[in-house]
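Values quoted throughout were computed directly from the atomic coordinates according to the rules given, and no laboratory measurement underlies them. Computed from a predicted structure; not experimentally measured. Quick reminder, even Gly has a Cβ in these numbers, built from the backbone with ideal geometry, and neighbours come from all protein chains shown.
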Amino acid sequence: MELKILNRVRTNNFNDKQVLQKITDLWKGASTDLSKHQGNTYGLYHEYESNYKGDYSLGIAIEGKSETTVVIPDEAKYEVFHVNTDEEQGIFNKWNEIWKKEENGQLKRAYTYDFEKYYQDGKIEIYIAIEED
């Protein structure tokens, strides 16, 4: 899969006091391009410093090619988490579930490319790259 990055930011969920503002601004900055887009939208997490507690890059992306394209290998293995979009903080709650699962040794993350996939019908899934057995 090839994802064209529209906008990106480097941040940290635990050590960056501006993380929520950065992410909000990131989505706002991509909104003009996204308003013209008819396909799925992605929140792409990559360039991990270490684990989920370290720095990472977050990009807003769509399928396609450009000078900012990131190629997700076809053979990558993922565990898919379905977000309850009826919950006010569904995405936040799902990420907390993912982190807890990792802390409990139930999820062996690869820390390559993870992404939130936003479907046109409102469905949201989070794809977490996992280590091969």
Using a basic spin-label model with each label point 7 Å from the Cα along Cα→Cβ, how many nm lie between GLN120 and THR85? 1.3
Let me understand the stretch 89-133 better: what is its radius of gyration from the alpha carbons, and its Dmax, in angstrom? 11.6, 34
Any chance you could get the radius of gyration and Dmax over the Cα atoms of the stretch 1-75, in Å? 12.8, 36
So for the pair ASN51, LEU20, with labels modelled 7 Å out along Cα→Cβ, what separation do we get in nm? 2.5
Can you give me the orientation-averaged projected area of the convex hull built on the Cα atoms of the chain, in nm²? 8.4
Would you list, by chain and number, the aspartates and glutamates whose Cα falls below 20 Å from the Cα of LYS36, excluding same-chain residues fewer than 8 positions away? GLU2, ASP25, GLU63, GLU67, GLU116, ASP121
So for the pair LYS65, HIS37, with labels modelled 7 Å out along Cα→Cβ, what separation do we get in nm? 1.9
Using 10 Å bins from zero, what percent of all Cα-Cα pairs in the stretch 20-64 falls into each bin? 25, 49, 23, 4
